[in-house]
Amino acid sequence: MASISALGVGSGLDLTGLLDQLRAAERQKLQPITAQRTQEQAKISAFGRLQSALNKFQDATAKLNDPKLYQGLKTQVRGDGMTASAGATATPGNYEVEVLHTARAGSVATTRVTDSSEALAGPNASLELSFGDGSTRTVTFDEGATLVDMRNAINADADAGVNAAIIFDGQGHRLVLSSRESGVDAGVTGVSFAGLADPGALAEDTAARQAGRDAELKINGITITSATNRVEGAIQGVTLELTADSAGKTLGVTVQRDTDSLKEAVKSFVSAYNEMKSTIGRMTAAGSDATSAGELVGDRVVRSLESRLSRDLTNLVPGGDITMMSQLGISLRPNGRLELDESKLDDAIATNQQAVADFFAGDSKEAGLAGRLGDSMKRYLGDGGLIKSSITSSETRIDSLKARFERMETSIERSIERYRKQFSQLDMMMAQMNSMSAYLSQQFDIMNAQLGRRR
């Protein structure tokens, strides 16, 4: 008898539906593995978020461990026309700056020519430039060079010391030469031409000469000169930038400790710690079931991290006038967050900034609170840290679960295929039995008819 291609055709039973139910029942065995994989993937994501929050806290801590933060100065200029910036060698102080005049570059101009494209240069044409420091420089021209060619040749010469431009004054074209640097010494003071096709074609217009000038100012009554409007070194560690409208003005400059940056660094430290604690709180929250609980509930790495940081924050920092965070207005609340009293911090910075520096940074990289915290966080961050190890462990478990899932799925499909073959054999057997039953019934009916029996 030919085989049956569709289950249940021969027997009339819903063997396909039964096979589907068996497959669904077998695949229930995969659900625990899927749940474990989902859990491990959630842990990896959670550890990534924890690492990000901890990196931010580490950055805030490192800033407090930088000695430059406590040495920083800021400047304030009273009045318009000047800016000031303080460097590492500056010291606090107040200064009165009277700007007599600003620095400028020297310039000279030639007499005019009617046509700027007219050939002016002879075989050995050149110009000689004189400067305020007594030096001279020479620029040569190609034969037949025009005023435009001369301008281009001057600008192409890195050693010329001037920039050239052509100005049309309404009657003709002039070559204007401006010093590339300001000040008396760098200022161009004269120009003369040689080797022109017409010796009288170009000459300096002495009436248009503008001498270079040094900036001149008085700082607390002391006269200072500068070749540029950037005045460096007159006040130790301070750079003054004069602007065009500063001439004739008396301005005030104050150099003082940059307490604002220090306060912002402390506030960022508190904020970053609280953000990290909030992240941990969400990840370790106990829920009513597995779906509502945090991804890292009961994780030993998180527990050790919280314990270590709490110990670092509460232990005394010896060696200075400030040994506890509370003296700076920072308190550890019962919920594990930090709370900052800004007025108390302001008072500590204003009265003893060195003590604040000693508390956070100490006299070495590991001595202060920031160094202590930084050392602790190294155990958890980086390629060799505990967080990375936890992520790697979860990734390994996921790989193992994936292989287990595939093996079990293969086993289930083999079982289903075995059931399919058994059902197919059952279907064929039932079909044969049904066929035999129909045949016997037919024979009995014939016999009854011959014997005159009624059914």
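For this structure, a couple of remarks:
- All of Asp375, Asp383 fail the test of being modelled with pLDDT of 90 or more and either buried (at least 18 other Cβ atoms within 10 Å of the Cβ) or within 29 Å of Asn274 (Cβ to Cβ) (or both), apart from Asp375.
- From Val297, Val253, Val317, residue being touching a Phe, Trp or Tyr at 6+ places or on another chain (Cβ under 6 Å) and in a loop (DSSP other than H, G, I, E, B): Val317
- Of all residues in segment 324-367, those satisfying the criterion of being of a type in the set (S, T, N, Q), in a loop (DSSP other than H, G, I, E, B) and under 27 Å from Pro92 (Cβ atoms) are Asn352, Ser364.
- The set of residues from segment 224-233 being surrounded by fewer than 17 Cβ atoms within 10 Å (Cβ to Cβ) and either modelled with pLDDT of 95 or more or closer than 12 Å to Tyr95 by Cα (or both) comprises Thr225, Arg230.
- Single residue of segment 390-405 satisfying the filter (in contact (Cβ under 8 Å) with a residue 24 or more places away in the chain and of a type in the set (Gly, Ala, Ser)) that is surrounded by the most Cβ atoms within 10 Å (Cβ to Cβ): Ser390
- Of everything in segment 406-455 that is in contact with a helix residue (DSSP H, G or I) (Cβ under 9 Å, 6 or more places away or on another chain), in contact (Cβ under 8 Å) with a residue 60 or more places away in the chain and over 30 Å from Arg37 (Cβ atoms), the residue that is least open to solvent (accessible area, probe 1.4 Å) is Asp427.
- Hey, Lys249 touching a strand residue (DSSP E or B) at 6+ places or on another chain (Cβ under 9 Å), touching a residue at least 12 places away in the same chain (Cβ under 8 Å) and open to solvent by 60 Å² or more (accessible area, probe 1.4 Å) or not: yes
- Segment 402-430: number of residues that are within 11 Å of Arg27 (Cα to Cα) and among the charged types (D, E, K, R): 2
- Conditions (1) among the small types (Gly, Ala, Ser); (2) open to solvent by less than 10 Å² (accessible area, probe 1.4 Å); (3) within 30 Å of Glu96 (Cβ to Cβ); number of the one not met by Ser261: (2)
- Members of segment 170-181 found to be out of contact with any Phe, Trp or Tyr (no Cβ under 9 Å at 6 or more places or on another chain) and buried (at least 22 other Cβ atoms within 10 Å of the Cβ), listed by number: Leu175, Leu177
- The residue that is surrounded by the most Cβ atoms within 10 Å (Cβ to Cβ), among those in segment 57-80 that are assigned to a loop (DSSP other than H, G, I, E, B) and at pLDDT 90 or above, is Asn65.
- Subset of segment 91-108 (residues that are surrounded by 20 or more Cβ atoms within 10 Å (Cβ to Cβ) and outside any strand (DSSP E or B)): Thr102, Ala103, Ala105, Gly106
- Each residue in segment 279-300 was checked for being modelled with pLDDT of 90 or more, within 16 Å of Asn335 (Cβ to Cβ) and exposed (fewer than 13 other Cβ atoms within 10 Å of the Cβ), and 0 pass.
- Residue count, segment 301-332 (criterion: open to solvent by 40 Å² or more (accessible area, probe 1.4 Å), among the charged types (D, E, K, R) and closer than 26 Å to Ser261 by Cβ): 1
The values are calculated or read from the model by the stated rules, or taken from the named source; none is laboratory data. Here the structure is a predicted model, which is why all the values come from computation and not from measurement. As a convention, Cβ positions derive from the backbone with ideal geometry for all residues, glycine included, and neighbour counts pool all protein chains shown. Side chains are part of the model used for accessible areas, which takes the heavy atoms of the whole protein and leaves out ligands, DNA and RNA. Shrake-Rupley method; radii C 1.70, N 1.55, O 1.52, S 1.80 Å.
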